[in-house]
Amino acid sequence: MASNGRHVSLAHPEPAPVELEKHQDEHVDHTGLVPVGTRNTGADTEKGSTRYAGSETGLVLREENKKAERRLLLKLDCAILPFAVLLYLSAYLDRGNLANARLQGLQKSVLDNEDQNYSIALSMFFVTYIVFSVPGTLLAKQFLPSRSIACGALIWSIAATCQAATYNKAGLYVCRLFVGVGEAMFGQAMALHLSYWYTKTDLAKRVGLFISAGALSGAFGGLISFGVSSIKHTAIPQWRILFLIEGCPSVLLAICVFLFMPSRPETSRYLTEEERTLCLTRLNAESNVETNMGIEWGGVRRCLTDWKTYVISLAYSCMNLNLGSVGGFLPTIIKGFGYSNARAQLFTVPPYAVALVFMLLLTSFSDHRQTRGFPAASVFVLGLVGWAILLAVPASHITHAQYSARYFACCLIVTAGYTNIPLIISWQSGCTGSQSQRATSLGMLNSVGQCLSLLAAFLFPSKEGPQYRKGAIVNIAFQALGLILVLAMTAYYRYENRRRDKVEGGRPPKGTPLNVLEEYDLAPGKPKFPSPVFTSDCTVQSILTL
């Protein structure tokens with residue numbers, strides 16, 4: 001069994017203990033924080049609590065530390081989250097404007113008025129998005145995230161703007177391929193970037209905030225499209241104007257990200273030395289600091305050979321089938337209620353607004369309760385109910401009650417499409433060890449997780465409207481599969497943590513020294529280590545959330 005508060009795996013020998021200097025009083029600065037790169041042992045923690053327990057000095061230090069953390073988080077939120085939100089808003093506008101452009105004449109002008117060509121144009125984005133997700137995320141680990149993310153934003157924004165100049169389907173297909181390349185360098189790389197700055201306790205609500213920009217983009221996109229539809233008698237087709245309005249600002253945003261977005265706390269000039277110490281100490285408490293900026297290929301290999309990576313990614317893919325259906329066809333579905341093209345685009349706004357509010361509330365709840373699996377399962381239930389209503393309620397010659405039911409169902413499927421993104425991303429990010437493994441796991445989440453988005457592009461041919469039975473049935477099936485996978489993984493994590501507690505003599509005390517590259521990031525079967533955040537639905541690399 002373990003000694004000195006360490007866990008021993010039955011299948012593997014105990015790792016060699018990590019040598020630490022004893023923390024003397026002179027090693028503690030005036031902030032009362034443990035120096036960066038060190039960990040308190042259980043004995044040190046006990047002695048420290050004896051020294052300060054009940055004393056006025058200890059209470060003052062703890063209160064000052066809490067205030068310093070609140071100031072730090074506010075500063076990080078102001079420096080990083082605006083870029084994250086604007087980038088995601090821009091990315092989803094440029095990714096999803098094809099659905100609105102379709103109702104403004106794109107399909108007739110460029111795609112030979114063929115549903116098949118429109119579906120191919122949608123799928124072109126996902127081809128490169130899937131292929132480049134892992135390399136694009138690893139670039140943010142190899143280089144400064146602000147540089148790699150900015151380059152991705154520049155690629156997708158130029159390609160999205162160039163869509164306005166296409167005159168045939170081949171040109172549009174090429175533009176969509178490059179939009180996918182650029183966004184592959186951004187999506188999960190931004191989630192990885194946030195994990196460089198925030199602990200798991202703070203992560204879900206921040207990821208939820210920047211992912212909520214995707215729902216916001218749906219609302220904005222509908223309003224912008226409605227405004228463009230009111231432009232009459234112009235020499236430039238409305239769909240070209242739409243691409244220009246939504247694409248050009250993204251180029252300027254990419255330049256601003258390159259110049260101003262902070263990259264890593266170890267080197268950022270945005271932080272004072274005291275703030276840097278506090279930030280890295282908080283991350284070090286979760287073993288979330290590495291000494292090098294390059295890729296640790298052992299972590300990459302361990303991620304690629306871990307079955308849990310693929311199960312969670314498959315659940316994410318089930319969610320993305322719903323999201324791809326919403327992003328590509330929501331205006332078309334709502335038009336089937338009997339609206340004109342312009343009013344159909346306007347009525348896409350409320351479902352996205354509902355999704356935005358629900359996402360922010362549920363991610364805050366998830367962080368507060370430190371649980372991921374059950375909130376994610378509840379979102380799959382929403383999607384399941386929404387698609388079931390769209391399948392069951394008639395779409396032709398509908399009464400007011402039937403219209404209300406179908407529109408309510410649209411709110412449910414949009415909410416389900418967006419809310420699970422931050423929950424599953426935070427779940428996957430919190431269940432990995434080193435930054436290299438986290439980068440790979442998030443890239444795989446996007447790569448495997450977007451495969452069903454290709455299927456979504458072909459589920460809603462015009463001839464099957466306005467009921468779209470095939471699209472609804474397929475979405476119901478995969479929402480059910482996602483629900484089963486999430487519940488199964490939650491149960492597995494609970495079982496595995498209980499088993500390890502029994503075999504290894506319980507959880508090691510908080511503050512047990514470990515090396516993030518040599519211990520925390522080991523393959524399944526190695527010891528687990530304490531996490532101040534998650535308690536039960538995490539993987540064996542750490543103690544995970546529900």
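The values are calculated or read from the model by the stated rules, or taken from the named source; none is laboratory data. Keep in mind the model is a prediction, meaning the values are calculated, not measured. Don't worry about glycine lacking a Cβ; one is built from the backbone with ideal geometry, like all the others, and counts go over all protein chains shown.
Answer yes if at least one residue in region 229-249 is under 30 Å from residue 282 (Cα atoms), in a helix (DSSP H, G or I) and under 24 Å from the mean Cα position of the chain (by Cα), and no otherwise. Spell out how you get there, then give the answer.
From region 229-249, those under 30 Å from residue 282 (Cα atoms) are none; that's our starting set.
No, region 229-249 has no match at all.
Just a yes or no: is a residue in region 158-180 over 29 Å from residue 369 (Cα atoms), of a type in the set (Val, Ile, Thr) and touching a Gly at 6+ places or on another chain (Cβ under 7 Å)?
Yes, there is a match, as at least one residue in region 158-180 is over 29 Å from residue 369 (Cα atoms), of a type in the set (Val, Ile, Thr) and touching a Gly at 6+ places or on another chain (Cβ under 7 Å).
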Among the numbered criteria (1) at pLDDT 75 or above; (2) part of a helix (DSSP H, G or I); (3) hydrophobic (A, V, I, L, M, F, W, C), which one does residue 458 miss? (2)
Here is a list of conditions, (1) out of contact with any Lys or Arg (no Cβ under 9 Å at 6 or more places or on another chain); (2) crowded, with 20+ Cβ neighbours inside 10 Å; (3) free of Cβ contacts under 8 Å to residues at least 60 places away in the same chain, and residue 414 meets all of them except one; can you say which number that is? (3)
Which members of region 131-175 meet the condition of being surrounded by 19 or more Cβ atoms within 10 Å (Cβ to Cβ), within 16 Å of residue 92 (Cα to Cα) and among the aliphatic types (A, V, I, L, M)? 149, 150, 153, 154, 155, 159, 160
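Is it the case that some residue within region 343-351 is over 16 Å from residue 221 (Cα atoms) and either of a type in the set (A, V, I, L, M) or touching a His at 6+ places or on another chain (Cβ under 7 Å) (or both)? Please lay out each step first, then the result.
We begin by selecting, within region 343-351, every residue over 16 Å from residue 221 (Cα atoms); these are none.
Checking region 343-351: not a single residue is over 16 Å from residue 221 (Cα atoms) and either of a type in the set (A, V, I, L, M) or touching a His at 6+ places or on another chain (Cβ under 7 Å) (or both).
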Those residues of region 260-274 that are free of Cβ contacts under 8 Å to residues at least 40 places away in the same chain and not in a loop (DSSP other than H, G, I, E, B) come to a total of 1
Considering residues that are acidic (Asp, Glu) and outside any helix (DSSP H, G or I), the number found within region 477-505 is 1
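So which of 309, 277 is polar (S, T, N, Q), crowded, with 22+ Cβ neighbours inside 10 Å and part of a helix (DSSP H, G or I)?
Values: 277 fails: crowded, with 22+ Cβ neighbours inside 10 Å.
Of the residues listed, the single one that is polar (S, T, N, Q), crowded, with 22+ Cβ neighbours inside 10 Å and part of a helix (DSSP H, G or I) is 309.
Just give me the residues in region 463-504 being closer than 30 Å to residue 340 by Cα and charged (D, E, K, R), in sequence order.
So the first thing to find is which residues in region 463-504 are closer than 30 Å to residue 340 by Cα, and the list is 463-476.
Within region 463-504, 463, 464, 469, 470 meet the criteria.
Taking the condition of being over 30 Å from residue 396 (Cα atoms) and charged (D, E, K, R), how many residues in region 450-499 meet it?
To start, the set of residues in region 450-499 that are over 30 Å from residue 396 (Cα atoms) comprises 450-451, 482-499.
Retained after the next criterion (residues that are charged (D, E, K, R)): 494, 496, 498-499.
Residues meeting the conditions: 4.
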Filtering region 391-432 for residues that are outside any helix (DSSP H, G or I) and within 17 Å of the chain's Cα centre (by Cα) leaves a count of 2
Out of the residues in region 135-172 that are of a type in the set (Gly, Ala, Ser) and within 19 Å of residue 447 (Cβ to Cβ), which is modelled with the lowest pLDDT? 140
Tell me which residues, restricted to region 176-199, are farther than 19 Å from residue 79 by Cβ and surrounded by fewer than 24 Cβ atoms within 10 Å (Cβ to Cβ). 177, 178, 181
What is the one condition in (1) over 27 Å from residue 264 (Cβ atoms); (2) touching a His at 6+ places or on another chain (Cβ under 6 Å) that residue 164 does not satisfy? (2)
Boolean, residue 537 is acidic (Asp, Glu), in contact with a Ser or Thr (Cβ under 9 Å, 6 or more places away or on another chain) and at pLDDT below 85: yes
Going by what's in this entry, would residue 128 be described as surrounded by fewer than 23 Cβ atoms within 10 Å (Cβ to Cβ), modelled with pLDDT of 90 or more, in contact with a Cys (Cβ under 9 Å, 6 or more places away or on another chain) and of a type in the set (Val, Ile, Thr)? no
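Evaluate the following for residue 302: is it touching an Asp or Glu at 6+ places or on another chain (Cβ under 9 Å), in contact (Cβ under 8 Å) with a residue 40 or more places away in the chain, over 30 Å from residue 166 (Cβ atoms) and of a type in the set (Lys, Arg)?
Numbers: touching an Asp or Glu at 6+ places or on another chain (Cβ under 9 Å): yes; in contact (Cβ under 8 Å) with a residue 40 or more places away in the chain: yes; over 30 Å from residue 166 (Cβ atoms): yes; of a type in the set (Lys, Arg): yes.
When the stated conditions are applied, residue 302 passes them.
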Hey, residue 396 touching a Lys or Arg at 6+ places or on another chain (Cβ under 7 Å) and at pLDDT below 95 or not: no
Of the numbered conditions (1) free of Cβ contacts under 8 Å to residues at least 12 places away in the same chain; (2) touching a Phe, Trp or Tyr at 6+ places or on another chain (Cβ under 9 Å); (3) over 13 Å from residue 407 (Cα atoms), residue 321 fails exactly one; give the number of that condition. (1)
Answer yes if at least one residue in region 503-520 is at pLDDT 65 or above, surrounded by fewer than 20 Cβ atoms within 10 Å (Cβ to Cβ), on the phi < 0 side of the Ramachandran plot and not basic (Lys, Arg), and no otherwise. yes
